[in-house]
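What follows is a set of notes on a single structure, which appears directly below.
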Amino acid sequence: MGFAQKIGQRAQTTEKGLRVMKHIAIGILAATTMGLMASAASAASTLEAVKAKGFIQCGVNTGLSGFSSPDDKGEWKGLDADFCRAVAAAVFGDGTKVKFTPLSAKERFTALQSGEIDLLSRNTTWTINRDTALGLNFAGVTYYDGQGFMVNAKKLPGVNSALQLSGAAVCVQSGTTTELNLADYFKANKMEYNPVVFEKVEEANAAYDSGRCDAYTTDQSGLYGIRLTLSSPGDHVVLPEIISKEPLGPAVRQGDDQWYHIVKWTYFALLQAEELGITQANVDELKASGGPEVKRVLGQEADTKLGTDLGVSNDWVVNIVKAVGNYGEMFERNVGAGSPLKIARGLNGLWTKGGLQYAPPIR
Amino acid sequence: MTQTDLSWVRTEMAQAMPAPAGERGLVAWVRKNLFASVGDTILTLLGLVLVALILPPIIDWAFVQAVWTGPDRTVCATIAQGGIQPDGWSGACWAFVNAKFGQFMFGRYPLEERWRPILVGILFVALLAPLLIPRVPHKGLNAVLFFLVLPIVAFILLVGGMFGLPHVETPLWGGLLVTLTLSFVGIVVSLPLGILLALGRRSRMPVVKTICIVFIETIRGIPLITVLFMASVMLPLFLPAGVTFDKFLRALIGVSLFAAAYMAEVVRGGLQAIPKGQYEGADSLGLSYWQKMYFIVLPQALKLVIPGIVNTFIGMFKDTSLVYIISMFDLLAIVRQNFSDASWASPQTPASGLIFAAVVFWLFCFGMSRYSMFMERRLDTGHKR
């Protein structure tokens, strides 16, 4: 074989190799594109995907008193967990068709973005950054929370405002926005304070209970839960000041308006039901005997299309209320008077009763 | 003259006398070990005082005042705390552990399917016990059943979805079930893999050697939390949507690879302790590489590093708690999670729950540690000083 021939053969082999590589590259590219297309397709119709699999995958907190925590049988209980059930009731007419994914604070957004969950109902604060940059859509505010303070009234008699806490030792959990808000608040009010920082919530509780700190700060809803674990809960008062706004609500992925509407209007339906006095106990009765507005909301009007336009059945509100009750019932059962937490309605009352909860009309 | 023969030979053994009263029994032991000198006496008395101060309150809290059963937090809280106990009461809230026991063992595994993990547990013990007791015969068959058949049977039983068993997703698993599954798989995978990696690292073949070194040093260079976190948070972003890959499986792989890297270094320590003569002796007998390792080197090397191996196992058993970071609930995590149940929130709940978890962890670790000491003694052929 001559030299030139050899060269030619080598060139041919190289060319062949290149061609093979090109094929592989195209293959990878095609696979990726198909993957992306598949993800786009699934993102475009969460409702269909949810209906096809037969349940809603709902992300909740790994354990937060009154919002999502397991009961003795391991069932998820709480306001956030019940909201998942309400959406399931709206979609399937059955509040049990939901599967819970407990998520840590760090995992929650990835889980939603990657499609691992369909709905994030995990005491998540609604902020502009999350609404825009993170690609979420917040469907409403199921609980108006805010950072507050608790003090021992026996140890610090006469303290009835956070502004009197100058020089106090304050127990706080590290690595949370709570710590930053605390610093901002004391700086803004030109007060001195001494932060006592803990990694774990149990450590912070124990330190506060043993009197190492004068005050304890975290979200107000959490303070009520912590108060239950103190040795003399009666001595501790939650101060009225709220130093940060923490509107907690359910969120969905951006880019699927239909699913977003279903979640949003499930929330509004819960409020509307409370406003109209529709409860778990009387919903069946009101279907027949209610006034015109009640009948419209419950989908009992002749040829109503309110539910089907949303993508669910027309008696969706009936299903929601049957599954979890109205918003007020949900609140009282999980965090309010009917629970050990005994949190007052406050900002979470209906607009007609001095609160912030307001639903646009269902018509 | 009569000669008296004074020589005397004893024809029977003198009867053994018991040791003097001061040298035997409890008195002697106490004198020798507790009151041998003034210093010892002072230390003993100090120790007794400490025990007298510490022990009664613990017994009082954990047993005498403790509440064993009850429907909710009221039994574990004083009247001022909204419960039924008298003011000033303080006792363990075992009622909390009692009410949540099923969850602590199996997580949220469906109630009507819990016989499945229980059956796996029984099979596990039934196969493990004869394997651990040296006298029991048929070790080979037993090992095959335990290391090859049991994992398959356990997988079918626990996961389900075949043979008419309903499918139980891994997010529902929790508690001791997760802790034991992770550690068992970790142990079973990491020991053989670790041995291969250790051999690979000492190999003369550059490619094998490089791969092993890169693997071991990479894994040892990153914390387990990072491995788990990458597997749980980053991986789903790289995969196309809809392609999910079980989180529990990801954790299993992460923990196993992690333990294997540490195991490799422990085994390598043993390999290096074997004298060169043993290798050369094996070579001169004409044994192949694998024969040499299997018959001559590894039996000696592994015996030497039993403490290190068991140390790695115990460390891994406790490290499984880190899966908490990816929202999987091992024993410790599920105990802590249940603190958030408002119907059980009381000042006694956290301490009781954590002590329960600590006792369970201790039982397993102590068991492993004692067994390894037994094995060391049994395999001791004179190297130990």
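Readers should treat all values here as calculations from the given coordinates under stated rules, not as data from a laboratory. Fair warning: this is a prediction, and the values are worked out from it, not measured in the lab. So basically every Cβ, Gly included, is an ideal-geometry build from the backbone, and we count neighbours across all protein chains shown.
Results, tabulated for the structure shown:
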{"read-out": "Chain B: DSSP helices with Cα axial extent of at least 27 Å and average Kyte-Doolittle hydropathy no lower than -0.5", "value": "B:38-59, B:175-201, B:247-273, B:349-379"}
{"read-out": "Sparse-neighbourhood loop sites, chymotrypsin sites (Phe, Trp or Tyr not before Pro) in region B:1-67 - DSSP loop, at most 13 other Cβ within 10 angstrom", "value": "B:Trp8"}
{"read-out": "For A:Asn189, distant residues with modelled amide H under 5 Å away", "value": "none"}
{"read-out": "Fraction of antiparallel bridges per DSSP, the protein assembly as shown only, in percent to nearest 5", "value": "50"}
{"read-out": "Calculated SAXS-style log₁₀ I(q)/I(0) at q = 0.12 Å⁻¹ - chain B, Debye, Cα scatterers", "value": "-1.13"}
{"read-out": "If the convex hull is drawn through the Cα atoms of region B:263-371, its volume per residue in Å³", "value": "113"}
{"read-out": "Along each principal axis, Cα extent of the protein assembly as shown, largest first, Å", "value": "145, 101, 59"}
{"read-out": "Within a Gaussian network of chain B (alpha carbon springs, distance under 10 Å), most fluctuating of B:Arg204, B:Arg116, B:Arg24", "value": "B:Arg24"}
{"read-out": "3J(HN,Hα) from dihedral phi, region B:5-11, Karplus parametrisation 6.51/-1.76/1.60, rounded to Hz, x for glycine, proline", "value": "7, 8, 5, 9, 10, 6, 9"}
{"read-out": "Chain B: most fluctuating residue of B:Phe184, B:Phe163, B:Phe374 per GNM, C-alpha cutoff 10 Å", "value": "B:Phe163"}
{"read-out": "Gyration tensor (alpha-carbon) shape descriptor, region B:46-198, a/c threshold 1.5", "value": "oblate"}
{"read-out": "Considering only chain A, percent of DSSP beta bridges that pair antiparallel, nearest 5", "value": "55"}
{"read-out": "Semi-axes of the equivalent ellipsoid for region A:147-238, Cα gyration tensor, largest first, Å", "value": "18, 16, 11"}
{"read-out": "Residues whose placed amide H lies under 5 Å from that of A:Thr124, excluding near-sequence neighbours", "value": "A:Gly249"}
{"read-out": "Too-long pairs where the Cα-Cα distance tops 23 Å, listed order kept, from A:Lys99/B:Lys318; B:Lys139/B:Lys318; A:Lys99/A:Lys353; A:Lys190/A:Lys342; A:Lys99/B:Lys100; A:Lys53/A:Lys99", "value": "A:Lys99/B:Lys318; B:Lys139/B:Lys318; A:Lys99/A:Lys353; A:Lys190/A:Lys342"}
{"read-out": "Simple label model, 7 Å out from Cα along Cβ direction - B:Leu165 to B:Phe63, nm", "value": "4.0"}
{"read-out": "Choice from B:Val233, B:Val188, B:Val38 with maximal GNM fluctuation in chain B (Cα, 10 Å cutoff)", "value": "B:Val38"}
{"read-out": "Rounded to 5, the percent of DSSP beta bridges in region A:147-238 classed as antiparallel", "value": "50"}
{"read-out": "Computed label-point distance, nm, for sites B:Ala358 and B:Tyr279 using a 7 Å Cα→Cβ extension", "value": "4.7"}
{"read-out": "Summed residue charge, Cβ within 14 Å of A:Pro292's Cβ, Lys/Arg positive, Asp/Glu negative", "value": "+2"}
{"read-out": "Two-site FRET efficiency, B:Tyr371 against A:Lys305, from Cβ-Cβ distance with R₀ of 56 Å, rounded to 0.05", "value": "0.20"}
{"read-out": "Estimated FRET transfer efficiency (A:Ser161, A:Glu203; beta-carbon r; R0 35 Å; 0.05)", "value": "0.80"}
{"read-out": "B:Phe295 versus A:Thr352: modelled label distance in nm, points set 7 Å from Cα along the beta carbon direction", "value": "9.2"}
{"read-out": "Residue pairs, from the table A:Lys245/A:Lys322; A:Lys77/B:Lys247; A:Lys245/A:Lys295, whose Cα atoms sit over 30 Å apart", "value": "A:Lys245/A:Lys322; A:Lys245/A:Lys295"}
{"read-out": "Low-density loop positions, GluC sites (Glu not before Pro), region B:179-285 - DSSP coil, at most 14 other Cβ in 10 Å", "value": "none"}
{"read-out": "Simple Cβ-charge dipole of region A:147-238, Lys/Arg +1 and Asp/Glu -1, about Cα centre, in debye nearest 20", "value": "240"}
{"read-out": "Fewest-first sequence of B:Met162, A:Met330, B:Met328 by Cβ atoms within 10 Å of each Cβ", "value": "B:Met162, A:Met330, B:Met328"}
{"read-out": "For A:Cys171, distant residues with modelled amide H under 5 Å away", "value": "A:Val196, A:Asp214, A:Ala215, A:Tyr216, A:Thr217"}
{"read-out": "In region A:136-234, the chymotrypsin sites (Phe, Trp or Tyr not before Pro) that fall in loop regions by DSSP, at most 12 other Cβ within 10 Å", "value": "none"}
{"read-out": "Sequence of B:Met13, B:Met375 once ranked by neighbouring C-beta atoms within 10 Å, starting from the fewest", "value": "B:Met13, B:Met375"}
